[in-house]
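See structure below.
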Amino acid sequence: MTQTDPILRVENLRTELALSSGAIEVVRGVSFSVNKGETLGIVGESGSGKSMTALSIMRVLPRPIGRIASGSIHLNGRDLVPLSETEMTRIRGREIGMILQDPHTSLNPVYTVGNQVIEALQINQQRGGLLQKAIDLLKKVNVADAERRVHAFPHQMSGGMKQRVVGAISIAGAPKVIIADEPTTALDVTIQLQYLELLEQIQQETGTAIVFITHDLGIVARLCHRLVVMYAGRIVEEGTVDDVFDAPSHPYTVALLHSVPHVDRKVDRLYAIEGNPPALHEIGQGCSFAPRCPLADERCRTVAPPTVAGRSKAPDHFAACWKSGELA
Amino acid sequence: MRRLPLVPIALLLLVLIIPAFFAQWIAPHDPYISNLRARLQPPVGFGGTWEYPLGTDRLGRCMFSRILHGAKYALGISMVGIAIGAILGTALGLISGYLRGWVDVVIMRLVDITFALPSILLALALAAISGPSLGLVVLVVVFVIWGFFARQVRAEALSLRERDFVARARVAGASGPRIVLRYILPNIMNTIIVLATLQIGVVIILEATLSFLGIGIPRPAPAWGLLVADGRQLIVSNWWISLFPGLAILLTVLSVNLIGDWLRDWLDPKLRQA
Amino acid sequence: MLTFLLKRTLYALISLLVITLIVFSLSHLSGNPLDALLPDDATPAQIEQVTRHLGLDRPIWVQYLTFLQNAAVGDFGDSLKWKGQTAAEVVWQRLPATLQLGGLALLISIVVALPLGVMAAVYKNTALDAVATVIALLGQSLPAFWLGLVLMWIFAVILGWFPTSGYGGLSHMILPAIAMAWFQVAALTRLTRSAMLEVLDAEYIKLARVKGVRERSVIWKHAFRNAAIVPVTYFGVLAGSLLTGSVVIETVFNWPGTGWLAITAIQGRDFPVVQTVVLFFALLFLLANLIVDILYALIDPRIRNT
């Protein structure tokens, strides 16, 4: 992986949802990049804007209420934001793929698994011997007995198996980037690990970049090279997994790290972050995390925090916090 | 489905219906008395006079008065029929949902069967034997609507009986009928009211249709369906005889439907799917 | 799948049995059936003959069984109004006319309502959606018989585009078919729209989009196939309403089908014919519902496999 060669570059992305109570900004100026063959983790609680960021990149925001207000999303050097729906349709699946959260609902119940895999192949200009290609693809994602399963309907499969199929669909067009939106959350714990291994295996074989969205820092440690931490629609910290885990530079990251159960330490109670993420229309001028932050002072509450170097002092480690230096 | 300004529309239309309740005082003529010298008078604006604002029928009866009086049949039948149907359906629904088991199975199969027999067929069979009558219309109405109440009430009773406050009452030794009447029924009232309102339009159209076909309200009552039927053969020359009574049906049903929708959203949003 | 269908068939048979019971009771419990069967000026000899012929002197359950037995082979006795023909023959002759009209109405309902409902959902809260809403609202509130008359008045009497009434080719059928279909279009549009809205929110639609499926294919292949389950289940009711509608519309337009026959038979106090029509319609209705169950299973593999 070459650090200087981003395949996906998101810059100052702002996304709005037009709700009946008025428009709210769910993604508020997010910038990050993903390099070829790299796995980037996007971490945050629900409501932090991480899924909306993913949907913005795919340009499949909820209709008709979602829209990208400003910013750019460069995939392989080409900005996706101004593309028409027709042009975007050609990008999806071929250049960028996505794995959704819940395998139980993300496959179409009325078509066989094979039909849905073959459709993905056809979209990517594959012709001839499609059934065999679909079977091969299913084998690639470790679906046992693929010859038979290709004719099965989704409801006849387990969740883990279905998520493998979704994985197969996402790689059918050999995309350069795959966005995985909490792909293991709905799976059994034992299956989760297998699935992560599968993603690693896919990445090694195809060299695709993966954007892995999760609230689970344990998974990030296991799978990702770098991560960004999101809070209330903004990125609060960014860096390599090693740097961020060793020297978390935002109080929110610290709190998140505390809430990860350690295998070697028996934890009776997860360290809970007090309070809830702010409702997005309530966000004021200062740092969004201030109301829950143990270090917050008047300045935090009134002035938006600057982006500062992370405590690791690594050149690619940043945090958006006034109090970064006070963390120990 | 709609974000139309429901309440104003409904009220506006209601204004058109209300006079019907006072038909006796408002109507300019006796709806039954014919004036053979004023036969087939066109309505005002089409060569007629204010004496007969909506014209007259072939016996010279005032259409406006007949339509006003006809409202009694539309509204009366639907109220009586729906009241009986609602009580019957609610009772059976409560029994079905509370007792469950084979009673439930039998009652729900009966609902399916009444839904399976198109109402007009029942009316046909009945009318063939006894001739058209008011009682027949009410019977058909009850037959058509009790199942809606039974089904919905049963579903809610089933879920309510598992709720804490019902369980507590049971533990406290309340008898079955007491639980049903004191704890379950009051919680279903909203649903029943909404369902009843939503059925009014259906029932008015049903009554009008049966009357139109001559298997509903017997002549010479000025029921709207009969008025439309009166004008059917004259549509080529005297269009107003059929047009205005039908318009009365349309406006009435439209307004009760709008009110019903509004009431549903307000009282019982979960019925939306139904 | 097989058990599912067997169960459904059994239900349909039970329903049919109950309906025959209702029809039978109606003809026997509401006074002497002879009143209905015989003209007012019947001679004692006629009464005697009909009584014996109908087995009215036997126990009631024997009468019912006989009635069932006869019904099973389509024997409902002779028509009283159309002399020299059995009731079954009279009904059978009128059937093609009803099927023609009902078929056209069904076609209109589907061809108009499904695309309209789908588009109203896809273009939610646009002008198109508003049009669909108004159609749905009017459909619920317009009495079909009056709509028929108004159509006749405007398009046949005033504009002269179509014949006013009577039996004939397509030009005779258009107005009655539209009047018949109107309510169905409204109901079906509403159902399709709400089913589509629900489906369009589903995760598998999102997956279809992210995998690069073209929008048209997302709507028709992925969404509509799932949403179609709802309107398909409605086709049973639809068939029933069309039968009911045929009674009304055929009467309005003097279309000589079974519905018109039923009303004419009532006026002529021809009870065997009325009874035949009622049972025949009930049978058709149950059959339609059975077909719906089969379609339902074909569309939704989850049912097929249980």
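The values are calculated or read from the model by the stated rules, or taken from the named source; none is laboratory data. All values reported here derive from a predicted model rather than from experimental measurement. Glycine gets a Cβ as well: all are built from the backbone with ideal geometry, and neighbour counts include every protein chain shown. Ligands, DNA and RNA are stripped out before the accessible areas are found, and what is left, the full protein with its side chains, is counted by its heavy atoms. Shrake-Rupley method; radii C 1.70, N 1.55, O 1.52, S 1.80 Å.
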Requested in this report: Could you tell me whether A:Ser56 is in a loop (DSSP other than H, G, I, E, B) and more than 10 Å from chain C (Cβ to nearest Cβ)?
Outcome: no
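Results for (1) farther than 23 Å from B:Leu227 by Cβ; (2) under 18 Å from the mean Cα position of the chain (by Cα); (3) of a type outside the set (Asp, Glu), shown as yes or no for each residue.
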position: B:Ala74; (1), (2), (3): no, yes, yes
position: B:Thr90; (1), (2), (3): yes, yes, yes
position: B:Val105; (1), (2), (3): yes, no, yes
position: B:Val153; (1), (2), (3): yes, no, yes
position: B:Val171; (1), (2), (3): yes, no, yes
Query - Listing of helices (runs of 4 or more DSSP H) fully contained in the range C:81-160 that carry 2 or more residues being away from chain B (no Cβ under 14 Å) - result: C:87-122
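Results for (1) in contact (Cβ under 8 Å) with a residue 40 or more places away in the chain; (2) among the hydroxyl-bearing types (Ser, Thr, Tyr); (3) part of a helix (DSSP H, G or I), shown as yes or no for each residue.
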{"site": "A:Arg67", "(1), (2), (3)": "yes, no, no"}
{"site": "A:Gly97", "(1), (2), (3)": "yes, no, no"}
{"site": "A:Gln116", "(1), (2), (3)": "yes, no, yes"}
{"site": "A:Ala144", "(1), (2), (3)": "no, no, no"}
{"site": "A:Val166", "(1), (2), (3)": "yes, no, yes"}
Query raised in the report: Tell me, which helices (runs of 4 or more DSSP H) wholly within the range C:171-283 include 3 or more residues that are open to solvent by 10 Å² or more (accessible area, probe 1.4 Å), within 14 Å of chain A (Cβ to nearest Cβ) and not hydrophobic (A, V, I, L, M, F, W, C)?
Result: C:203-210
Query raised in the report: Can you find a residue in the range A:187-208 that is open to solvent by 10 Å² or more (accessible area, probe 1.4 Å) and within 14 Å of another protein chain (Cβ to nearest Cβ)?
Result: no
Query raised in the report: For A:His151, all conditions in the list (1) within 14 Å of chain C (Cβ to nearest Cβ); (2) open to solvent by 10 Å² or more (accessible area, probe 1.4 Å); (3) within 23 Å of the chain's Cα centre (by Cα) hold save one; what is the number of the exception?
Result: (3)
Query raised in the report: Only one residue in A:Val34, A:Val10 is in contact with a helix residue (DSSP H, G or I) (Cβ under 9 Å, 6 or more places away or on another chain), modelled with pLDDT of 90 or more, outside any loop (DSSP other than H, G, I, E, B) and not hydroxyl-bearing (Ser, Thr, Tyr), so which one is that?
Result: A:Val10
Query raised in the report: Mind checking whether some residue in the range B:230-243 is at pLDDT 85 or above, within 15 Å of the chain's Cα centre (by Cα) and not polar (S, T, N, Q)?
Result: no
Requested in this report: Can you tell me which residue within the range B:35-47, out of those that are crowded, with 18+ Cβ neighbours inside 10 Å and either free of Cβ contacts under 8 Å to residues at least 40 places away in the same chain or out of contact with any Phe, Trp or Tyr (no Cβ under 9 Å at 6 or more places or on another chain) (or both), is nearest to B:Trp224 (Cα to Cα)?
Outcome: B:Gln41
**Report entry** Near pairs, Cβ below 8 angstrom, 6+ apart or cross-chain, from the range B:241-259 (at the interface with chain C (Cβ under 7 Å from one of its Cβ atoms)) to any residue that is among the polar types (S, T, N, Q) and in a helix (DSSP H, G or I)
**Finding:** B:Leu250/C:Ser141; B:Val253/C:Gln140; B:Val253/C:Ser141; B:Leu254/C:Ser141; B:Asn257/C:Gln140; B:Asn257/C:Ser141
Query - Cross-chain or 6+ apart pairs with Cβ under 7 Å, the range C:158-179 first and within 20 Å of C:Leu142 (Cβ to Cβ), then among the polar types (S, T, N, Q) and open to solvent by 50 Å² or more (accessible area, probe 1.4 Å) - result: C:Phe162/C:Ser171; C:Ser165/C:Asn254; C:Met173/C:Gln100
Report summary line: Residue hits (the range B:231-248; part of a loop (DSSP other than H, G, I, E, B) and among the polar types (S, T, N, Q)) are B:Gln233, B:Ser237, B:Asn238
Query raised in the report: Which residues, counting only those in the range B:232-269, are open to solvent by less than 10 Å² (accessible area, probe 1.4 Å) and among the hydroxyl-bearing types (Ser, Thr, Tyr)?
Result: B:Ser242, B:Thr252, B:Ser255
**Report entry** Residue ID - modelled with the lowest pLDDT, chosen from residues in the range B:193-215 that are open to solvent by less than 20 Å² (accessible area, probe 1.4 Å) and under 15 Å from C:Thr251 (Cα atoms)
**Finding:** B:Ile215
Report summary line: The condition from (1) at pLDDT 85 or above; (2) over 14 Å from the mean Cα position of the chain (by Cα); (3) among the aliphatic types (A, V, I, L, M); (4) over 30 Å from A:Val143 (Cβ atoms) that A:Ala272 misses is numbered (1)
Report summary line: Taking the range C:47-77 and the residues there that are charged (D, E, K, R) and not in a loop (DSSP other than H, G, I, E, B), the one that is most open to solvent (accessible area, probe 1.4 Å) would be C:Arg52
Report task. Name every residue in the range A:89-104 that is more than 8 Å from chain C (Cβ to nearest Cβ) and either under 16 Å from the mean Cα position of the chain (by Cα) or closer than 14 Å to C:Lys206 by Cβ (or both), in order of residue number. Result -> A:Ile96, A:Ile99, A:Pro103, A:His104
